[in-house]
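Notes for the one structure printed next.
The values are calculated or read from the model by the stated rules, or taken from the named source; none is laboratory data. Since we're looking at a predicted model, the values are computed, not measured. Methodologically, a virtual Cβ is constructed for each residue, glycine included, from the backbone with ideal geometry; neighbour enumeration extends over all protein chains shown.
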């Protein structure tokens, strides 16, 4: 076996799971989904059909990842965070043909109990604070908090708040990587 799954996990036929991935208690991996290498799928997680998770994605306990969601490499999904996939759900009306795509770009973090309303893109290394409700696209490296979420700053790839000088330059205190803020966009200058 190239991946680990707890005996209580349910893994449907027709899904792809990468080497080194670990799937924990009471999780359900549904057919048609693709899970990359070295992912960690926590307890009580549902991964719906056609979901795509890149490599090294960390999914904490009690997360449901619905059809229409794509997470690139190194994404962190915090405990009990929520994705939606239909804008106007009704129990009596079937809208399975109206699922909206949500893309979470490389290295992004979504905090505990956050809600991501469908149809939006979360930029690379963005940081969604715990309990936030995201109702629009989030820029790369942006820090957003609140309900509805609003941007309050910028984050480094290592998850530290960036403080820009008068020239629009910031240095991550952990990695010493240099970032530039120009035209309300952050770019990494040095790796």
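Annotations for the structure displayed:
- Region 89-112: number of residues that are in a strand (DSSP E or B) and under 17 Å from residue 72 (Cα atoms): 5
- Filter pass, residue 108 being in the same structural domain as residue 21 (by TED's automatic domain parsing), touching a residue at least 12 places away in the same chain (Cβ under 8 Å) and either surrounded by fewer than 20 Cβ atoms within 10 Å (Cβ to Cβ) or under 22 Å from residue 39 (Cα atoms) (or both): yes
- Within region 138-153, the set of residues being assigned to a loop (DSSP other than H, G, I, E, B), under 17 Å from residue 81 (Cα atoms) and in contact with a strand residue (DSSP E or B) (Cβ under 6 Å, 6 or more places away or on another chain) comprises 147, 148, 149.
- Scope region 94-108; condition closer than 18 Å to residue 185 by Cα and in contact with a strand residue (DSSP E or B) (Cβ under 8 Å, 6 or more places away or on another chain); matching residues: 104, 105, 108
- Cross-chain or 6+ apart pairs with Cβ under 9 Å, region 3-29 first and assigned to a loop (DSSP other than H, G, I, E, B), then at pLDDT below 95: 18/2; 19/2; 20/2; 21/2
- Region 34-52: number of residues that are closer than 17 Å to residue 2 by Cα and either touching a residue at least 24 places away in the same chain (Cβ under 8 Å) or buried (at least 19 other Cβ atoms within 10 Å of the Cβ) (or both): 4
- Single match in 99, 158 (criterion: modelled with pLDDT of 95 or more and farther than 19 Å from residue 61 by Cα): 158
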